[in-house]
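Visitor: Could you have a look at this structure, given as structure tokens, before my questions?
The values are calculated or read from the model by the stated rules, or taken from the named source; none is laboratory data. Fair warning: this is a prediction, and the values are worked out from it, not measured in the lab. With ideal geometry, Cβ positions are generated from the backbone for all residues, glycine too; neighbour counts draw on all protein chains shown.
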2 protein chains.
Amino acid sequence: MDGDIKMNNQDFSLHESDQVTINQATKDLQGNQFDHFYAIILSGGAGTRLWPLSRELSPKQILRLFGTDSLIRQTITRLTKLVKEERIHIVTGQRLFDEIRNHLLTEFPPCRQVQYILEPAARNTAPAVALAAWQIAKQDPQAILGVFPSDHFITDDQPLLDAVRRAAIAAKDGWLVTFGLQPERPETGFGYIERGEPLSPELCLFRAARFIEKPDLEIAKGLVAAGRFFWNSGMFVFSAHTLLEEVERFLPELSEALRTLDRYSPDERVQFAQQEFERIPPVSLDYGVMEKSERVAMIPVSLQWKDVGSLPALAEFHPKDLADNVTIGHIVQEGCRDSLLYSDSRLIAAIGLENMMVIDTPDATLVCPKERAQEVSKIVARLKEEKAPESVAQRYSHRPWGFYLELEKGSSYQVKHIEVHPGKRLSEQLHRHRSEHWIILQGTAKVTIDGSEKIVQPNESLFIPANARHRLENVGKIPVHLIEVQNGEYLGEDDIVRFTDDFGR
Amino acid sequence: MDGDIKMNNQDFSLHESDQVTINQATKDLQGNQFDHFYAIILSGGAGTRLWPLSRELSPKQILRLFGTDSLIRQTITRLTKLVKEERIHIVTGQRLFDEIRNHLLTEFPPCRQVQYILEPAARNTAPAVALAAWQIAKQDPQAILGVFPSDHFITDDQPLLDAVRRAAIAAKDGWLVTFGLQPERPETGFGYIERGEPLSPELCLFRAARFIEKPDLEIAKGLVAAGRFFWNSGMFVFSAHTLLEEVERFLPELSEALRTLDRYSPDERVQFAQQEFERIPPVSLDYGVMEKSERVAMIPVSLQWKDVGSLPALAEFHPKDLADNVTIGHIVQEGCRDSLLYSDSRLIAAIGLENMMVIDTPDATLVCPKERAQEVSKIVARLKEEKAPESVAQRYSHRPWGFYLELEKGSSYQVKHIEVHPGKRLSEQLHRHRSEHWIILQGTAKVTIDGSEKIVQPNESLFIPANARHRLENVGKIPVHLIEVQNGEYLGEDDIVRFTDDFGR
């Protein structure tokens, strides 16, 4: 145990013997540090860059893009190796909250213990993190916070978790710790951090000498060549106390807003928080605090890491055919090359495409050259202006009890195909503005309407009038499939009064 | 009335005074000729070249591509200026028959009087036309037949109708009359006819010296430059008697098959016709008869005529934006040029496309460079091999009483949105293999199920068990909209037993 960790500009990986040393060090300290460790997952982003796969209400982090689990679930699973699930706080906005919660309750095992912190208004990451720090510090003034994006793809957890453990130790000493990723290429889509003087060889901790915002290609090449610049991973570890001190110093308006919230009772707070937050200028944690503070440190990490910011980047995870096409779904193609052809459900026929992408979802199709994928944001912006529903939600929604697919929607009616998993039941609920017809296609369901119970089977139908308390349960061994026809003057998903729910909603 | 019609290689339009002369001549003769005139509309083609707009069961001729009327209805409307509707015979196959009849009953005014001749097997145009000639000659041995494709686009009827009148006179004298279109460009997609010696200046009739099949570009340029070559329009006029004589001479197997049919009673005929026809080699009327016969004449016609053989050709009928794009439907685009963007219902977002076409229908999307549009047939061929439903039918079907849209289809269920026009009713019918749930969304319907009658209104539902006789009538002033959920072991459109029908089906 000599503490002499070898490092040079090109190689920040730790040697086997050092690794043992550090693991021992963090294990020794873990008892202390991790008693007060909390994970914050930032999940407020609307993920417009993967449109039409992602939508305002189906952002990138809750899509099942890689393997079976969404990126936010992968993030949670990774963090539960550090802290218990109830110490994980997801920061998101009011609109996304229900979608994220439903998503996290949907898969097995469901995440029932995670906590949610609702941003009163979307103001970028500095206010989101400061709010979380302020709230957690109330329960635990010694809190150490790890801040993680919800939409990064990381295949090897261990180097990151080790680095976070070391960062937690440094955080206790008042450092705002960032994680610098060994750059793999002169990427212009990320910010860079310059490694400064060593602070603790034992923790492999350096001062962060400088932050560089997304550079152009020439500068990026220079940064990679220089060897002392690292990609800014967007992950941080600090104590709530340190962060709030630095926010006080560099973002006084934000501190003031939080102090104002303190004056209200928790009940009043909800009411006034929005107007307080709307007054704060939006600012990122990097720009608002990290680039200004003298207390910023960096731990270099070497990770299998991807921030998938575009559909072609997503395609890199899928196998290619002999002409370098990635085809997913029902595709018939003739003479295409280097193209990405993706269909949710319908048929795509493609002839002679080169370097193109076609992304086909139940309500919208995107066709564009791969190199112009970033311009998708222009399309999304125009759709938002038009208030087009295609910018907001997918037609396919997962729920803890199964899923539904919107088949058709008119001004006063809506048709859905609903699947309920065996043994699951929907919440006991009523709707004020709509009645529902259910026609069972498959399986056996128990339906309760205003207290009276009935077993229904394929080819049977039921009518649920507006304002009737009702509940559906799959009492069989195979999925229940049904068609729901809603009639009503208002058809929003939020016209629901829940009485009891197996999923705590 | 000197009969001296001026013509040269470049100009076959008739002079005003000549026109009057000929009109007078045909009017004088019309009483005789048109007593025995019958129109044959060939409508057996499956129209794969406009896929995914056209399908096996929605061929080009029944699509509403130009203005409000389909091409087959435009053809019928044109011909009713010559003959009564009941003298118009549509030749088609068993599979398309119901779709075409439904289509012709759908629009206002419905075509209730047209006759149908069903090809026992698809064997190209010579057997189809010979069968029609054989059948019509039984009722009228002096029959003069005009043969017309169902899918040509013609904006000026009068020159054609005049030419047909003159052709009918020549047909009585034993000529097989073709119509040569003044070529507008060196088109390689059509056959050409060489104008031979003048036969009748009064009728502007020439001998057809030679038929030339689709030429390559160099030859086509030479043909156009030579001035005496005309596009083969695929329209013909001859007496049934003459045609059957020439068929006897050049296609003896076909004559033999027709004679065999004669030996059966009409009831037996249906049973044996298919096997007789399947033995005949497929052959076009041009190749099988016209190119060989000595009795072929040609009348030159100058027409606003198009045989729309591809989707880009279709786009030429629509206005273009400033970047020469044709956009139809809900399209959001950024920086596209010279492209065709068509959507039935969903959103297409397109970025940076040049000379591309995107054709989006409810169940299939085609993306391809415009110049490779002809390769769509390869896609359709592969889909047929796969027995993919996307090659067969559209999800949207017109019926004489309204329309339906298929929302979802599974192996044992199907969901449709049905609209019934005010005052219309479906046939009284039953289904052997499926039951139906109806949920009314809009309007007021009278429903009869096994003799008991009920008025149903929005948000009410009905159940029609398999084998129950049922009928739905829109008794209100606005369209009835309903969702139909079918359950059953077999869901084909042909599981229908009709009792009474307002549309004679």
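Visitor: Can you give me the number of residues within segment A:440-464 that are within 14 Å of another protein chain (Cβ to nearest Cβ) and of a type in the set (Ser, Thr, Tyr)?
Guide: Number satisfying all stated conditions: 1.
Visitor: Can I ask one more? Does segment B:290-306 contain at least one residue that is part of a strand (DSSP E or B), in contact with a Cys (Cβ under 8 Å, 6 or more places away or on another chain) and of a type in the set (Val, Ile, Thr)?
Guide: Checking segment B:290-306: at least one residue is part of a strand (DSSP E or B), in contact with a Cys (Cβ under 8 Å, 6 or more places away or on another chain) and of a type in the set (Val, Ile, Thr).
Visitor: Within segment A:363-385, which residues are facing chain B (nearest Cβ under 8 Å) and either acidic (Asp, Glu) or under 21 Å from B:Leu53 (Cα atoms) (or both)?
Guide: Correct list: A:Asp363, A:Ala364, A:Thr365, A:Leu366, A:Val367, A:Glu375.
Visitor: Additional query: Suppose we filter segment A:465-505 for residues that are part of a strand (DSSP E or B) and within 11 Å of chain B (Cβ to nearest Cβ); how many remain?
Guide: Pass one, segment A:465-505, residues part of a strand (DSSP E or B): A:470-474, A:480-488, A:497-498.
After this cut, where a residue has to be within 11 Å of chain B (Cβ to nearest Cβ) as well, the list is A:481-488.
Going through segment A:465-505 one residue at a time, the tally reaches 8.
Visitor: Still on this structure, I have one more. Return a yes/no flag: does segment A:451-470 have any residue that is closer than 21 Å to B:Lys409 by Cα and hydroxyl-bearing (Ser, Thr, Tyr).
Guide: Yes, the conditions are met somewhere in segment A:451-470.
Visitor: Filter segment A:184-204 down to residues that are within 14 Å of A:Gly234 (Cα to Cα) and out of contact with any Leu (no Cβ under 7 Å at 6 or more places or on another chain), then give me how many there are.
Guide: 4
Visitor: Which pairs have Cβ atoms under 8 Å, sit 6 or more apart or on different chains, and link a residue in segment A:78-90 that is without any contact (Cβ under 8 Å) to a residue 40 or more places away in the chain to one that is of a type in the set (A, V, I, L, M)?
Guide: Sorted first by the residue in segment A:78-90, then by its partner, the pairs are A:Thr80/A:Ile88; A:Glu85/A:Ile76; A:Glu85/A:Val114; A:Glu86/A:Val114.
Visitor: Which fully enclosed strands (runs of 3 or more DSSP E) of segment B:307-394 have 1 or more residues being polar (S, T, N, Q) and in contact with a Phe, Trp or Tyr (Cβ under 9 Å, 6 or more places away or on another chain)?
Guide: B:326-328
One line per residue, one yes/no per condition, for (1) buried (at least 17 other Cβ atoms within 10 Å of the Cβ); (2) within 22 Å of A:Val147 (Cβ to Cβ):
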| position | (1), (2) |
| --- | --- |
| A:Leu258 | yes, yes |
| A:Ser265 | no, no |
| A:Val283 | yes, yes |
| A:Asp286 | yes, yes |
| A:Arg295 | yes, yes |
| A:Asp321 | no, no |
| A:Ile331 | yes, no |
| A:Gly335 | no, no |
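Visitor: Tally the residues that are within 7 Å of chain A (Cβ to nearest Cβ) and among the charged types (D, E, K, R), restricting the search to segment B:325-348.
Guide: 2
Visitor: Something else: Give the residues of segment B:390-435 that are more than 30 Å from B:Cys111 (Cα to Cα) and either free of Cβ contacts under 8 Å to residues at least 60 places away in the same chain or hydroxyl-bearing (Ser, Thr, Tyr) (or both), sorted by residue number.
Guide: Residues satisfying the conditions are B:Glu408, B:Gly410, B:Ser411, B:Ser412, B:Tyr413, B:Ser435.
Visitor: So which of B:Arg399, B:Arg469 is modelled with pLDDT under 95 and either closer than 27 Å to A:Leu482 by Cα or within 26 Å of the chain's Cα centre (by Cα) (or both)?
Guide: B:Arg399
Visitor: Additional query: In segment B:178-197, what residues are modelled with pLDDT of 95 or more and in contact with a Lys or Arg (Cβ under 8 Å, 6 or more places away or on another chain)?
Guide: B:Gly180, B:Ile193, B:Glu194, B:Arg195, B:Gly196, B:Glu197
Visitor: Which residues, taken from segment B:349-362, are modelled with pLDDT of 95 or more and either at the interface with chain A (Cβ under 7 Å from one of its Cβ atoms) or surrounded by fewer than 23 Cβ atoms within 10 Å (Cβ to Cβ) (or both)?
Guide: Selection gives B:Ala349, B:Ala350, B:Ile351, B:Gly352, B:Leu353, B:Glu354, B:Asn355, B:Val358.
Visitor: Taking the residues in segment A:363-407 that are hydroxyl-bearing (Ser, Thr, Tyr) and surrounded by fewer than 22 Cβ atoms within 10 Å (Cβ to Cβ) as candidates, determine which candidate is nearest to A:Ile331 (Cα to Cα).
Guide: To start, the set of residues in segment A:363-407 that are hydroxyl-bearing (Ser, Thr, Tyr) comprises A:365, A:377, A:391, A:396-397, A:404.
Checking the rest, the ones that are also surrounded by fewer than 22 Cβ atoms within 10 Å (Cβ to Cβ) come to A:377, A:396-397, A:404.
On the way: A:Ser377: 26, A:Tyr396: 20, A:Ser397: 24, A:Tyr404: 24 Å.
Checked segment A:363-407; the qualifying residue nearest to A:Ile331 (Cα to Cα) is A:Tyr396.
Visitor: Still on this model: Only one of (1) facing chain B (nearest Cβ under 9 Å); (2) over 30 Å from A:Ala466 (Cβ atoms); (3) surrounded by fewer than 16 Cβ atoms within 10 Å (Cβ to Cβ) is not met by A:Gly410, so which one is it?
Guide: The single condition A:Gly410 does not satisfy is (2).
Visitor: To continue, here is another question. So A:Leu311 fits all but one of (1) in contact with a His (Cβ under 6 Å, 6 or more places away or on another chain); (2) within 14 Å of chain B (Cβ to nearest Cβ); what number is the exception?
Guide: Going through the list (1) in contact with a His (Cβ under 6 Å, 6 or more places away or on another chain); (2) within 14 Å of chain B (Cβ to nearest Cβ), A:Leu311 breaks only (1).
Visitor: Okay, next question. Of all the residues that make up segment B:419-433, how many are within 14 Å of chain A (Cβ to nearest Cβ) and either in a loop (DSSP other than H, G, I, E, B) or modelled with pLDDT of 95 or more (or both)? So that I can check it myself, show each step before the final result.
Guide: Applying the first criterion (within 14 Å of chain A (Cβ to nearest Cβ)) to segment B:419-433 yields B:419, B:431, B:433.
Now drop any that are not either in a loop (DSSP other than H, G, I, E, B) or modelled with pLDDT of 95 or more (or both), which leaves B:431, B:433.
Looking only at that region, the number is 2.
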